[in-house]
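Structure first, then comments.
The values are calculated or read from the model by the stated rules, or taken from the named source; none is laboratory data. Predicted model, so just to flag it, every value in this text is computed and none were measured. Glycine also receives a Cβ, built like all others from the backbone with ideal geometry; neighbour counts cover every protein chain displayed. Remember, those area values only see protein heavy atoms, side chains included, never the ligands or the DNA or RNA. Shrake-Rupley method; radii C 1.70, N 1.55, O 1.52, S 1.80 Å.
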Amino acid sequence: MRKAILLLSTYFSVCLFVTGQNAVFEVTSKISVSKTDSFDYASNHLDSLNYLIDKNLRDSLEKVTFKNDFSTSSLENFFGEKGLVNAWRVCIADDSLRKMAMVLRKTAAFLNRNPSRFNYLKNEINGDTNYKNIVFLKRTWWADSLRFNFDSLGNSSSFKTFGINPSDLKKSIIEDMKTEAAAPQFVESIVISGSSIPKKIVANSGYTLYKIIPKGNAGPSLFTPFWAKIDEIRTYIDLDLEQKFGLPIISHSAKYDVYKIVLKEGKTALVFESEVAQTTENEYKTTGGAIQSLVLDRSKWTSPELVKDLEIFPSSIK
Amino acid sequence: MKSCQIPKIDKANKVLVKEAKLAISKNDKEHSKLVLTKIREFRMQLAYNKATESLETNFGWTLEYDKINATLQKVIGLGNS
């Protein structure tokens, strides 16, 4: 234990070199140990391992697995960087990911910024499909880094759409939209989310529209008019979904839940389809291009329902 | 209400909550109706703009609005006109 404390009090500068998905740690230690102090490196390693286990792990499976993973590997990085043990715990189901220094470092950075996402991340990483796990993690880090760099408050305050000017539309279209809308006074702010003239669609009962929401987040709000057809969402799953739908950064995610609304029995509604406009959020830009379906009176539609078998997991890695 | 750190929106939220509390404390039916309409309009204004559309759910306001609305509706059903 004394040696473990000595090890802890030692200054380490850890340089990380990443080669592909494997990482090599080069440890430059400034250890001030007296020459007369005989330093038993093997027992010191075991002390450090036990210290880390006692301090961070409660679950017996985690304890055994951690011991097996690091019985002969360097432990210095666990003392040098905050949150690496938690990152390892998140990845425990994946035999190879949890031993990759780069994976642990980036996952730790994510968890340090989003401590409440620990269980979500752990639940998403399973043991049978390593490729999907790494895609999931890379997308998680990507969405988190966008938030960190461009929307740190998570309020989309600099988000702008570059859509069609409402004054360029025929009056009849605006009038149709206002007639349909539950809040006609705000229709113009919807129009500028699209780059094309809204196309009027007469929908009958049973007409179904969908919306993607970052996985695990609360469902769509009571009044949101921004929906899409399922085919439109499917078309772009692996073709820059977030870009095509011009999503605000706060709505970017590794995976998405899908919610649906259905036009109620005996109701007809006007749905307005337009092409999603380009957007900017600080320096981050999206192209738009997908077709959105604008629902202006949600009272005619059922409450949003989570479609459990329709999880969206884009494969594109940023 | 959790702040979204957009001063204009936080201020509007605060004013609405304050007004709702006043209407509820006075058991004022007409005032409660008015506040209900104002809250609905504010939520629609947020929802109809892509930049503010998800604030309500992301900052957990939906539950708060639902609680306030339920209390206001009680006042409307029971209160003095």
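Worth a mention:
- Too-long pairs where the Cα-Cα distance tops 18 Å, listed order kept, from A:Lys67/A:Lys138; A:Lys171/A:Lys229; A:Lys229/A:Lys260: A:Lys67/A:Lys138; A:Lys171/A:Lys229
- Drop in accessible area of at least 30 Å² in the complex versus isolated chain, residues of the range A:175-215, 1.4 Å probe: A:Ala182, A:Ala183, A:Phe186, A:Ser189
- Against chain A, whose longest principal axis is taken from its Cα atoms, helix A:60-70 shows a tilt of about 70°.
- Rolling a 1.4 Å probe over the heavy atoms of the protein chains gives the protein assembly as shown an accessible area of 51 Å² per residue.
- Apportionment of accessible area to carbon and sulfur, the range B:8-76, percent (1.4 Å): 57 percent
- Point-charge dipole on Cβ atoms (K/R +1, D/E -1) for chain A, about Cα centre, debye to 20: 360 debye
- Overall, the accessible surface of the range A:241-294 at a probe of 1.4 angstrom is composed of carbon and sulfur to the extent of 43 percent.
- Under the criterion of Cα pairs below 8 Å and six or more residues apart, the relative contact order for the range A:159-312 equals 33 percent.
- The accessible surface of the range A:98-191, taken with every protein chain in place and a 1.4 Å probe, is 49 percent carbon and sulfur.
- Helix content alone sets the calculated 222 nm mean residue ellipticity of chain B: runs of n ≥ 4 DSSP H residues at -39500 (n - 2.57) each, divided across all residues, give -24000 deg cm²/dmol.
- Accessible area buried at the A-B interface, both sides summed, 1.4 Å probe (Å², nearest 100): 2200 Å²
- Think of the range B:8-76 as having a plus end and a minus end, set by charges on the Cβ of Lys, Arg, Asp and Glu; of B:Ile9, B:Met44, B:Ala23, B:Ala23 sits farthest toward the positive end of this dipole.
- Only DSSP H runs of four or more residues enter the estimate; each adds -39500 (n - 2.57), and after division by the residues of chain A the mean residue ellipticity at 222 nm equals -10000 deg cm²/dmol.
- Cα gyration tensor category, rounded, prolate or oblate, for the range A:159-312 with a/c compared to 1.5: oblate
- The angle between the Cα long axis of helix A:130-150 and the longest principal axis of the Cα atoms of chain A comes to about 70 degrees, rounded to the nearest 10.
- The range B:50-69-the range A:114-190 distance, computed between alpha-carbon centres (Å): 15 Å
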